[in-house]
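The next block holds one structure in the form of structure tokens; read it before the comments.
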Amino acid sequence: KMPQTPPFAAMFDSSGYNRNLYQSKEDNCGGLYYNDNNLLSGSLEALIQHLVPTVDYYPDRTYIFTFLLSSRLFMHPYELMTKVCHLCIDQHRLSEPGLDKNWMQKIAPKILQLLTEWTETFPYDFRDERMMRNLKELAQRIASGDEMYRKNVQQLLQNLIRKLAAVSQYEEVLAKIDATSTDRLTVLKTKPQSIQRDIITICNDPYVLAQQLTHIELERLNYIGPEEFIQAFVQKDPLNNDKSCYGDQKKARNLQAYVEWFNRLSYLVATEICMPVKKKHRARVIEYFIDVARECFNIGNFNSLMAIISGMNMSPVSRLKKTWAKVKTAKFYILEHQMDPSSNFYNYRTALRGATQRSLTAHSNREKIVIPFFSLLIKDIYFLNEGCANRLPNGHVNFEKFWELAKQVSEFMTWKQVECPFERDWKILQYLLTVPVFSDDALYLASYESESPENHVEKDRWKTLR
């Protein structure tokens with residue numbers, strides 16, 4: 001019987017992790033140190049050994065996720081894969097010809113399950129040829145014994161290849177989108193006012209725009225691998241000065257693309273507000289975006305909400321006093337209050353907890369949506385990583401720290417798996433993703449042309465820009 005894979009939300013209970021899913025090994029055995037059934041630390045070798053199933057043991061699923069996520073702080077995934085393969089082959093006599101079928105039935109499903117969890121949760125690890133070779137070799141040994149396992153192995157490889165093809169395609173689309181908006185940007189830099197189009201003519205319903213923003217957010221979230229959070233700030237292993245620990249920025253490119261989307265949306269909001277010549281029109285655009293932001297809040301899309309607020313707070317926008325005087329600002333202040341950074345974003349964190357609760361008991365995808373304010377999520381994970389050592393003074397791996405990291409990342413994993421329930425509107429999506437946005441200078445120029453400079457600093461800047 002294959003061990004079952006519980007859903008992500010069920011993995012981490014409130015005390016840190018769910019340790020009762022499978023049998024656990026004894027306290028302080030073989031280089032692992034437990035306290036009260038919690039794995040606190042261990043030597044790297046012992047932790048790798050703990051990952052490998054035996055006939056009467058299968059690692060707890062939270063352990064698999066936590067170790068695969070954090071081990072890359074110490075070694076490259078392909079080095080780990082190589083060790084796991086050797087351990088499986090040696091321990092289970094998989095190198096012996098004519099292996100006893102009975103023995104194979106006991107161990108094969110467990111090794112297959114481990115490979116399935118690895119390929120499903122960290123598929124991007126297998127963009128490395130060496131990982132793929134190891135995977136195929138081990139899978140081959142399992143499959144050679146039995147027709148049923150051969151089918152399972154084929155299924156596993158097909159699913160993995162499909163995921164990798166999807167991410168490559170996604171990256172190509174991103175590159176195309178970037179190229180399109182860059183081409184159009186040159187036009188905009190030279191003649192800021194020459195392109196008369198705006199967001200309200202493309203989509204006059206704030207509710208629909210909030211839904212389309214949610215499409216973009218969920219798609220981009222979905223392509224971020226959990227390991228990208230760790231790889232974004234991997235440093236050298238302090239115990240081994242010459243060995244850089246896998247700090248490959250390319251490995252965090254989907255995370256990078258998501259951060260760039262946030263910046264783009266902020267600049268798009270500022271561009272749309274600064275571009276109209278008439279004050280009345282500018283005020284209308286501000287009110288429109290306030291409504292869009294409010295709908296984002298109701299949906300649970302905190303990332304777009306924050307991007308819109310930060311676009312409105314950019315100084316070329318906030319200096320437009322006469323325009324703001326025409327705006328009903330009460331709704332805006334409520335939203336700003338929700339996203340107020342004081343007390344470590346206390347209000348936002350409360351709202352996020354509320355959305356998370358709603359999502360856990362949701363009956364529809366519409367209620368499941370939780371899109372966190374992403375830069376803050378990265379910052380939280382970064383500070384958790386910086387604030388605790390990876391290794392203890394005795395050289396052991398500090399596993400307590402990694403339970404905490406995994407807990408934060410696994411919550412994100414639950415959020416990113418939500419299907420977007422809204423219908424796509426390609427025209428609006430195309431506009432949001434490719435319409436050119438002003439640079440800082442162009443924003444200031446448009447802003448000064450709308451409402452003249454008020455002091456010497458602004459006058460000097462305007463002169464320079466012109």
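The values are calculated or read from the model by the stated rules, or taken from the named source; none is laboratory data. The structure presented is a predicted model; accordingly, all values stated were derived computationally and were not measured. Please note: Cβ atoms are built from the backbone with ideal geometry, for glycine as well, and neighbour counts cover all protein chains shown. All accessible areas refer to the heavy atoms of the entire protein, side chains included, with ligands and DNA or RNA removed. Shrake-Rupley method; radii C 1.70, N 1.55, O 1.52, S 1.80 Å.
What the table below lists for this structure:
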read-out	value
Of all residues in the range 152-182 being free of Cβ contacts under 8 Å to residues at least 24 places away in the same chain and polar (S, T, N, Q), the one that is farthest from V435 (Cα to Cα)	Q154
Given (1) part of a helix (DSSP H, G or I); (2) without any contact (Cβ under 8 Å) to a residue 60 or more places away in the chain, number of the condition I378 does not satisfy	(2)
Selection within the range 404-428 - part of a loop (DSSP other than H, G, I, E, B) and of a type in the set (D, E, K, R)	E419, E423, R424, D425
Where a residue in the range 340-356 is in the same structural domain as L377 (by the TED database) and open to solvent by less than 60 Å² (accessible area, probe 1.4 Å) and its partner, wherever it lies, is outside any helix (DSSP H, G or I) and at pLDDT 95 or above, with Cβ under 6 Å and at least six apart	A355/G300; A355/V370; T356/V370
Out of K401, K459, sole residue that is in a helix (DSSP H, G or I), open to solvent by 80 Å² or more (accessible area, probe 1.4 Å) and modelled with pLDDT of 90 or more	K459
Residue match in the range 339-351 (condition: β-branched (V, I, T) and in contact with a helix residue (DSSP H, G or I) (Cβ under 6 Å, 6 or more places away or on another chain))	no
Restricting the range 314-338 to residues that are polar (S, T, N, Q) and surrounded by 15 or more Cβ atoms within 10 Å (Cβ to Cβ), the residue that is modelled with the lowest pLDDT	Q338
Residue within the range 369-387 that is of a type outside the set (S, T, N, Q), open to solvent by 50 Å² or more (accessible area, probe 1.4 Å) and over 29 Å from L265 (Cα atoms) present	yes
Boolean, L433 is at negative phi and either of a type in the set (F, W, Y) or open to solvent by less than 10 Å² (accessible area, probe 1.4 Å) (or both)	no
The range 176-204, residues that are at pLDDT 85 or above and open to solvent by 60 Å² or more (accessible area, probe 1.4 Å)	K176, T201, N204
